[in-house]
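Right, one structure below, let's go through it.
The values are calculated or read from the model by the stated rules, or taken from the named source; none is laboratory data. The structure displayed is predicted, hence computed values, not measured ones. Every residue, glycine as well, gets a Cβ built from its backbone with ideal geometry; the counts of neighbours run over all protein chains shown.
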């Protein structure tokens with residue numbers, strides 16, 4: 001097996017193993033199934049040119065692309081899409097589903113960078129410094145973005161516990 | 001009570017590919033894209049190739065543009081510094097004169113460039129405009145600079161061309177101004193005197209002539225350091241363009257600054273066709289006679305010739321010989337044709353028998369010296385290089401002609417007349433020669449701006465394109 005074939009096999013192995021986890025993060029970052037799949041594919045495709053260097057531990061790099069691309073894609077798309085704070089009416093099956101839709105709607109109301117900060121800090125469990133490194137921004141920016149985002153979420157999701165919303169690592 | 005972390009985890013369970021998530025295939029076992037079935041790996045490799053191509057393209061454009069800019073800047077730097085004037089610079093004779101580059105500097109920018117070997121005409125352009133045909137000077141080092149001649153009168157159809165002094169130190173030209181009365185003729189620049197540009201100090205000195213209707217500039221002649229400006233003082237002019245006036249001279253000794261205005265035409269010799277001879281000039285006066293005129297107007301008759309010269313007579317530097325083109329019909333009629341070159345000894349009251357000098361190459365072609373009849377620009381005598389060697393003008397420029405052997409060699413190749421006839425300082429005809437490279441000032445400096453703008457547009461375009469091809 002040639003070096004290139006080995007790298008490809010290695011890449012495909014990684015995709016099979018980690019795609020589902022990446023889709024979970026991507027779904028929180030985008031709020032849409034199709035966008036989440038696009039985002040993951042984009043991150044994986046962009047990782048290929050660097051695969052030889054990152055193959056030992058590709059996940060941090062792929063997640064870094066995922067987070068940054070979720071912000072930059074929104075920047076590129078914003079003049080083509082009309083965003084709305086009002087979600088379409090859906091038939092709610094049960095209270096859990098309703099809660100998830102509330103959170104999805106609240107996340108959709110955040111700016112892309114704020115949403116990414118919330119996902120990285122509270123879903124991926126990254127520290128402020130790690131979040132700043134992944135997004136390529138300053139720690140101070142992470143703090144301010146998180147503060148603003150949590151304030152919005154508190155207003156829209158009063159059921160969440162205040163002490164957790166205001167806590168940080 | 002649930003936390004934000006808990007609820008994010010619950011929401012992530014709705015992600016595509018999750019068990020039970022609606023409308024999505026199980027993606028965990030497939031490396032396929034939603035955009036067709038091509039594998040992610042192949043799409044990534046294609047992206048890699050596109051990026052490499054884009055990087056190579058941008059690098060090539062950068063190299064090209066930076067290389068071009070560097071070439072232009074180096075070229076500009078090369079041609080910028082025109083050496084400062086050197087009053088003692090000895091004249092040297094370039095083996096070729098060129099049209100000055102349209103972007104050559106002017107003396108207002110460079111300052112004086114020292115004694116001039118020659119004057120040439122050329123189109124002049126500036127960053128914002130086209131300045132028309134102007135006069136450029138050629139320094140002893142072969143540098144070219146347009147002469148910013150202040151208040152030069154240029155519009156007359158048969159106006160007097162600027163005249164370079166024999167030693168290349170001064171450039172004389174008709175002075176433009178406003179007559180005190182109604183000007184004549186009504187159109188064009190009005191000549192109100194003469195001015196001299198000092199090629200060493202850069203100063204321009206004016207010698208105005210009081211005039212009611214303006215002056216008809218006839219000719220400018222240098223007699224050593226003395227300038228003689230012959231002009232007609234308009235007295236009346238009619239609607240049909242005819243005019244009446246009286247001729248006079250202005251004599252200006254540049255070495256002392258003394259100026260005599262209004263010298264009577266009848267008491268100062270006519271200098272038509274004058275040729276330089278040391279600090280005097282030679283003027284053909286009759287069918288076979290000529291005289292030597294000093295700056296103070298003193299006239300010394302020359303020995304009588306046994307042929308009729310065509311307009312001009314040239315005395316060799318040592319005074320031993322005279323040369324001329326023979327008048328073909330012997331009547332000094334105003335035809336353009338020139339007869340053969342003739343040379344005669346000039347000692348005594350009567351010159352020796354004139355001997356026709358034919359170029360060696362023409363002799364080998366079997367031409368007869370007697371039958372030679374040429375155009376006014378072919379083999380016309382223009383001066384002496386030394387007592388044995390004439391300078392003649394042929395189709396390509398100036399050439400030497402040895403009077404004893406007829407051997408001829410190119411001396412200076414000349415550019416075409418552009419506004420003025422190329423003019424070589426009389427003393428420079430006897431100066432040592434050097435191989436002259438083409439002058440700078442050919443490249444349009446605006447290209448740097450265009451290239452700079454183009455570079456910005458290219459880089460912006462490349463950046464935009466690169467951002468679009470990113471997935």
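Quick notes on this structure:
- Residues that are at pLDDT below 75, closer than 27 Å to residue B:301 by Cα and under 36 Å from the mean Cα position of the chain (by Cα), drawn from segment B:337-376: B:376
- Reported count of residues in segment B:204-233, each being outside any strand (DSSP E or B) and under 28 Å from the mean Cα position of the chain (by Cα), is 2.
- Lone unmet requirement of (1) closer than 21 Å to residue B:267 by Cα; (2) in contact with a strand residue (DSSP E or B) (Cβ under 7 Å, 6 or more places away or on another chain) for residue B:210: (2)
- Boolean, residue A:100 is under 24 Å from residue A:43 (Cα atoms), out of contact with any strand residue (DSSP E or B) (no Cβ under 8 Å at 6 or more places or on another chain), modelled with pLDDT of 65 or more and within 11 Å of chain B (Cβ to nearest Cβ): no
- Scanning segment B:277-301 for residues that are crowded, with 16+ Cβ neighbours inside 10 Å and closer than 19 Å to residue B:250 by Cβ yields a total of 6.
- Every residue from segment A:20-42 that is more than 9 Å from every other protein chain (Cβ to nearest Cβ), without any contact (Cβ under 8 Å) to a residue 40 or more places away in the chain and touching a helix residue (DSSP H, G or I) at 6+ places or on another chain (Cβ under 6 Å): A:39
- Pairs, first not assigned by TED's automatic domain parsing to the domain that holds residue A:149 in segment A:112-128, second surrounded by 24 or more Cβ atoms within 10 Å (Cβ to Cβ) and in a helix (DSSP H, G or I), C-beta under 6 Å, six or more apart: none
- Those residues of segment B:302-318 which are part of a strand (DSSP E or B) and closer than 30 Å to residue B:254 by Cβ, in sequence order: B:309, B:314, B:315
- Of all residues in segment B:379-399, those being more than 16 Å from residue B:435 (Cα to Cα) and outside any loop (DSSP other than H, G, I, E, B) number 12.
- Scan of segment B:287-301 for residues that are assigned to a loop (DSSP other than H, G, I, E, B) and modelled with pLDDT of 85 or more, ordered by number: B:288, B:289, B:294, B:295, B:296, B:297, B:298
- Which numbered condition residue A:71 fails, given (1) more than 7 Å from chain B (Cβ to nearest Cβ); (2) modelled with pLDDT of 90 or more: (2)
- Among the residues here, residue A:17 does not qualify as within 9 Å of another protein chain (Cβ to nearest Cβ) and under 17 Å from residue A:101 (Cα atoms).
- If you check B:5, B:50, B:79, B:35 for being more than 7 Å from chain A (Cβ to nearest Cβ) and modelled with pLDDT of 80 or more, only one passes: B:50.
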